[in-house]
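The values are calculated or read from the model by the stated rules, or taken from the named source; none is laboratory data. Predicted model only: the values in this text are computed from it and were never measured. Cβ coordinates were reconstructed from backbone atoms using ideal geometry, including for glycine residues, and neighbour counts include every protein chain displayed. The area values use the complete protein model at the heavy-atom level, side chains included, leaving out ligands, DNA and RNA. Shrake-Rupley method; radii C 1.70, N 1.55, O 1.52, S 1.80 Å.
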Amino acid sequence: SIKKKTCHWSCPPNSVMLPKSSRLNLKKDFKWAVSGKVVDTKFAKLYLKVGENESPKIGIATSSKTFKKASDRNRARRLISTALEIIYSALPTSICIVPLPKRSILGVKSGDVLIELTERLKDVKAIN
């Protein structure tokens with residue numbers, strides 16, 4: 001059987017990293033996406049921009065100014081990543097999303113992040 005690569009040892013076993021083709025990984029891509037619409041949630045600030053890509057692209061930015069410890073930055077990134085992986089299939093194909101986690105994300109579970117992100121993306125009509 002083929003083993004799926006999970007994003008982290010503490011992630012649920014069915015959680016799989018987004019493929020590289022679905023991630024924003026160049027500085028110019030991040031800058032381009034951040035120039036789009038801003039959606040504020042309790043746990044993150046989301047930058048949304050529609051592009052000409054064939055699949056949704058996501059790039060998570062964590063600030064060392066907001067999260068002093070690397071372990072906190074990693075946890076924030078993991079929580080956002082897990083929530084976005086679940087709703088990834090509902091996203092429009094041409095969207096690029098750059099979530100910037102807030103400090104408040106550290107005190108919640110991944111389910112809370114998922115609910116908040118889903119509600120806010122539905123409010124701005126990014127998902128159905």
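What to note about this one:
- Residue list for region 37-59, restricted to those being touching a Pro at 6+ places or on another chain (Cβ under 9 Å), open to solvent by less than 40 Å² (accessible area, probe 1.4 Å) and among the aliphatic types (A, V, I, L, M): 44, 46, 58
- Residues in region 97-125 that are of a type in the set (A, V, I, L, M, F, W, C) and surrounded by fewer than 22 Cβ atoms within 10 Å (Cβ to Cβ) were compared, and the one that is nearest to residue 28 (Cα to Cα) is 100.
- Of all residues in region 100-120, those that are in contact (Cβ under 8 Å) with a residue 12 or more places away in the chain have Cβ atoms under 6 Å from Cβ atoms of residues that are part of a loop (DSSP other than H, G, I, E, B) and among the hydroxyl-bearing types (Ser, Thr, Tyr), 6 or more apart or on another chain, in 101/62; 103/66; 116/41; 120/41.
- Region 76-96, residues that are open to solvent by 60 Å² or more (accessible area, probe 1.4 Å) and either without any contact (Cβ under 8 Å) to a residue 12 or more places away in the chain or over 25 Å from residue 26 (Cβ atoms) (or both): 86, 89
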